[in-house]
């Protein structure tokens, strides 16, 4: 169940917003309803297995659905995705899949083609996240991770 919060803006108005975008609204100094609309367009909430597309690049991808598989498109320079587990601690496993010719690298991960990154239910904490950027060659470079994410064996 979603809760709402009230956020003050520089111009003195109060706006009600969903918690799912609250952290982004608080850290940015939004000044109009147009800014709020734009921020909402930069996030996506998933409740089932989803194949991301190039147009989703730059968005924060939220999920609180256990077992969801989020599939990245083929790696390309300039594509960056941030996936956030918003489920309760120890309740939601999130898998990030990729093209069979791509691989994850960085953050101490041993690269191997076609292997998923997994935020396991046993170690998952609300807010665990991973940001990956396409290198256009071998796959996806892990730029930042919060929590425990392991490469599929």
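Quick notes on this structure:
- Between residue 51 and residue 89, the FRET efficiency estimated from the beta carbon spacing at R0 = 22 angstrom works out to 0.20.
- Cβ-derived FRET efficiency at R0 22 Å, residue 123 paired with residue 152, nearest 0.05: 0.90
- Cα centroid of the stretch 108-128 to Cα centroid of the stretch 49-67, whole Å: 15 Å
- Scattering curve values for the stretch 44-151, log₁₀ I(q)/I(0), Debye with Cα scatterers, q = 0.15 Å⁻¹: -0.52
Laboratory data are not the source of any read-out in this text; all were calculated from the coordinates shown. If you're wondering where the values come from, they're calculated on a predicted model, not measured in any experiment. Please note: Cβ atoms are built from the backbone with ideal geometry, for glycine as well, and neighbour counts cover all protein chains shown.
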